[in-house]
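Take this structure, written in structure tokens, and hold onto it; I'll ask about it next.
Read the figures in this text as sums done on the coordinates, not as results from a lab. Note that the structure is predicted; figures quoted are calculated from it, not measured. Note that each Cβ is placed from the backbone with ideal geometry, even for glycine, and that neighbours are counted across all protein chains shown.
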Amino acid sequence: MSKEKKKTEQFEFQSEVKQLLDILVYSLYKHKEVFLRELVSNAVDALNKVQFQLLTDSDLDEKDRELKINIEFDKKKNKLIIEDSGIGMTKEEIVGNIGTIAHSGTVDFLKKVSEAKEESQVDMIGKFGVGFYSSFMVADEIHLYTKSYKKGSTGLVWKSTGTKDYTIEETDKKERGTRIELILKKDEKEFTEDYTIKNILSKHSKFIPFDIFVGKDKIESSPAIWTQPKSSLKKEDYDNLYKFIENSQEEPETYIHLSSDAPVQFNSILFIPKTSFEKIGLFKATPGVDIYSRKVLIQKESKDIMPEYLRFVKGVIDSEDIPLNISREDVQNNVIIDKIRKNVLKKIFTHLNDLKKKDWDKYLKIWENFMRNFKEGITSDFENKDKIASLLLFNSSVKDKNELIDLNTYIENMEKDQKEIYYITGMDLNSLEQNPALEIFKKKNLNVLYLTDPIDEIVIDHLREFEGKQFKIVSSADLKLDKDDKKEEDKDLKKDSDNFAGYLKTIYGDKVADVKISERLVDSPCILVNQSEGPSVQMEKMMKMMNKEYAYAKRVFEINKNNILIKELIRIHKKDPASKEVKSLSNQLLDNMMLREGVIDNIDSIIPQIQDIMLKASKNM
């Protein structure tokens, strides 16, 4: 086409575009590489569209032309070139696609970014993904050469410096597709380096379905296996994807391959790792799920698609319904994302429960690594706490120390008339086994869950119940269990025991909330139990650690009238109510229990008391 026939037209950008360009040109952006992701994504979109036209319209020019993307550099002119053999554009499409903003989300973004503080504008721009306009972050000027696939179309060139206007004129471009030439800013020479471009493509565009050439080199790509049928994939395929995502040689513990068309379309592969770096105390895991749109990465390690407690879950979620230029703010409030999130969570819980039933050993490994995450989920995810609760495992009184039980199994094996899930808290399994509160439960063969993790009690407090069965701590004063012993009670012993209990209450004063005859003790002489709805000993110890001024709650002191020591004290008290020895031994009973629970403050005064008792005992030998 001769020069004199060329006609140049000048156009003014839409006001929102001007505002956007001003932000891009004058705002420093720490992840400028996003522009290449956007341009490649646009090229992929153009190739997808022409591919469809080639399938549906046999009367097209350049039917056999290879569908690909070429990226070249001109270091002398400080120029970066991205070219595709896609669908191309007409003049009307150029004006509509580049001169105006059709996506209302962009307008919302502009409003938010204009209101944000300067230091946060930068981050918002990057997470938004501003498409073609992002090129002005690195370019002083852009020349876009394009020719539509439509027969009779004319080659066109669009030029702009990213200010208030742009021009369109005819050009002699012969082949369909689009060629974008970025005249880079002086300080952006890195984008003419081969390794820089390849690294960016590897990060963002590894899974696109068309060949990309950087110069003469074809970029190595991988199939987006999450879009492929499960039946066509092998374990090795999943392992390789996990290793790429995590940059690791370790295989995942398990994976979940999801595909959904309703209520929203998405494909996903999620992994649970073999190793928990949080468990071994190295660092807190970062969110591990990447969001893709049409096989293009749009948000790395998204904090919005997966709840915080599932930050150990790795993988990809890809949906064509998610726009490429969605912002972080939009992700948080996006209806599509919300539907995907709910669907994905449901599948994760189902997969883990199935694994627990079918491959107990594998599930145990997951539990050992991520039990703290599940417990964190109970306290933070009210909507799914019951589903998470089914994943919890516990030691218990009817199992060996190395065996664990879940809540479903506990309920399945409950006694016929049992209405509550019993549990006990303590520092370790050995101390729990020796706790007098368990005696009646062992006698009745009632299962009690052992809670030794400090967070366990908080978890139970958030749950309150499971499958309609309320949790009940065995050291509660209002615990009621049916009596097994139907023998007629010794009235004299009951009367003397009640008198002795009243005596103890008098000498203990405000050290205890009450003194009662115990119905839970079998062998032990006495026990301290919590008042109804009161905090457990372990919870109070945590409070004491955080606040030295914290005062332990008063407990109920229970005595076992059938224990030989208690019987002797009752006998001596009946004989001599003012006996100093009975008073001394009675005080020692309470101190022993407080020592056992680790809630005594005046330990220095106890030692002389013990020594005095020892001295008196030795004189009677």
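Please report, largest first and rounded to whole Å, the three semi-axes of the ellipsoid equivalent to the stretch 491-619, where each semi-axis is the square root of five times an eigenvalue of the C-alpha gyration tensor.
Each semi-axis is √(5λ); the values are 26, 19, 12 Å.
For the stretch 366-476, what's the radius of gyration and Dmax over Cα atoms, in angstrom?
Expressed in Å, the Cα Rg and Dmax of the stretch 366-476 come to 13.3, 38.
Right, another one. With a cap of 13 neighbouring Cβ atoms within 10 Å, and only residues DSSP puts in a loop, list the GluC sites (Glu not before Pro) found in the stretch 527-621.
Those that pass, being in a loop and sparsely packed, are 533, 549.
Please report the antiparallel percentage of DSSP beta bridges with both residues in the chain, rounded to the nearest 5.
Just about 75 percent of them are antiparallel.
Taking all pairs of different Cα atoms in the stretch 225-355, averaging 1/r and flipping that mean, what Kirkwood radius in angstroms comes out?
15.1 Å
Determine ³J(HN,Hα), in whole Hz, for all residues of the stretch 492-508 in sequence, where each value follows from phi through the Karplus function 6.51 cos²θ - 1.76 cosθ + 1.60 and θ = phi - 60°; x replaces Gly and Pro.
5, 5, 4, 5, 5, 5, 4, 5, 5, 4, x, 4, 4, 4, 5, 6, 7
I've got another one for you. Counting other beta carbons within 10 Å of each Cβ, put 95, 157 in order, fewest first.
95, 157
Shifting gears a bit: Around residue 498, under 10 Å between beta carbons, what's the net of Lys plus Arg minus Asp minus Glu among the other residues?
It works out to a net charge of +3.
For the stretch 403-488, which GluC sites (Glu not before Pro) are both in a DSSP coil and crowded by at most 16 other Cβ atoms within 10 Å? It would help to have the intermediate numbers written out before the result.
Details: sites: 403, 412, 415, 420, 433, 439, 457, 465, 467, 488; in loops: 403, 415, 467, 488.
Listed in order of number, the matching sites are 403, 415, 467, 488.
Quick one: dipole size for the chain, taken about the Cα centre, charges +1 on Lys/Arg Cβ and -1 on Asp/Glu Cβ, in debye to the nearest 20. Walk me through the numbers before you get to the answer.
Numbers: 102 positive and 110 negative charges, 117 e Å.
I would put it at about 560 debye.
About the Cα centre, and with charges only on the beta carbon of Lys, Arg (+1) and Asp, Glu (-1), how big is the dipole of the stretch 177-332? Nearest 20 debye, please.
Dipole about the Cα centre, nearest 20: 180 debye.
Also, I was wondering about something else. Near residue 189, which lysines are there with a Cα under 18 Å away, not counting those fewer than 8 places off in the same chain?
The qualifying lysines are 30, 32, 75, 76, 77, 79, 198.
Enumerate by residue number the GluC sites (Glu not before Pro) in the stretch 239-280 meeting two conditions: DSSP loop (anything except H, G, I, E, B), and at most 14 other Cβ atoms within 10 Å of the site's Cβ.
Of the GluC sites (Glu not before Pro), the ones in loops of the stretch 239-280 whose Cβ has at most 14 other Cβ atoms within 10 Å are 250.
Subtract the Cα-Cα distance of residue 55 and residue 506 from 0.36 nm times their separation in residues, and report this length gain in nm to one decimal.
Roughly 152.8 nm would be gained on extension.
Let's test the formula: R0 of 35 Å, r as the Cβ-Cβ distance of residue 417 and residue 458. What FRET efficiency results, to the nearest 0.05?
On the way: r = 30 Å, r/R0 = 0.85.
Calculated transfer efficiency: 0.75.
OK, next. Compute the Rg to Rh ratio over the stretch 143-268 from the alpha carbon atoms, using the Kirkwood formula for Rh, and round to two decimal places.
Checking Rg against Rh, the ratio lands at 1.10.
In nm, give the distance between the simple-model label positions of residue 246 and residue 262, each being 7 Å from the Cα along the Cα-to-Cβ direction.
If labels sit at residue 246 and residue 262, their model points lie 3.6 nm apart.
Moving to a separate point now. Around residue 459, with a cut-off of 10 angstrom between Cβ atoms, what is the net charge of the other residues, counting Lys and Arg +1 and Asp and Glu -1?
Charge balance in the 10 Å sphere: -3.
Determine ³J(HN,Hα), in whole Hz, for all residues of the stretch 428-442 in sequence, where each value follows from phi through the Karplus function 6.51 cos²θ - 1.76 cosθ + 1.60 and θ = phi - 60°; x replaces Gly and Pro.
Here the 3J(HN,Hα) series is 7, 5, 4, 5, 5, 4, 8, 5, x, 5, 8, 4, 5, 6, 5 Hz.
In the chain, with Lys and Arg counted as +1 and Asp and Glu as -1 at Cβ, which of these residues, 588, 532, 222, has the Cα nearest the positive end of the dipole, that is, farthest along it?
Positive-most Cα among the choices belongs to 588.
What list of ³J(HN,Hα) couplings, whole Hz, do you get for the stretch 374-389 from phi and the Karplus terms 6.51, -1.76, 1.60, once you set θ to phi - 60° and write x for glycine and proline?
4, 5, 4, x, 4, 7, 10, 10, 4, 4, 10, 4, 5, 5, 5, 4
Of all DSSP beta bridges located in the stretch 392-473, what percent are antiparallel, nearest 5?
Details: 6 of 14 bridges.
The answer is about 45 percent antiparallel.
A further question on this structure: Just to check, using Stokes-Einstein with a Kirkwood Rh over alpha carbon pairs, what's the diffusion coefficient of the chain at 4 °C and 1.567 mPa s in µm²/s? Mind dumping the intermediate values first?
Values: Rh = 30.4 Å.
My calculation gives 43 µm²/s for D.
Based on other C-beta atoms within 10 Å, arrange 510, 57, 45, 456 from fewest to most. Write out the running numbers ahead of the final one.
Numbers: 510 6, 57 10, 45 16, 456 20.
Listing 510, 57, 45, 456 from fewest to most nearby Cβ atoms yields 510, 57, 45, 456.
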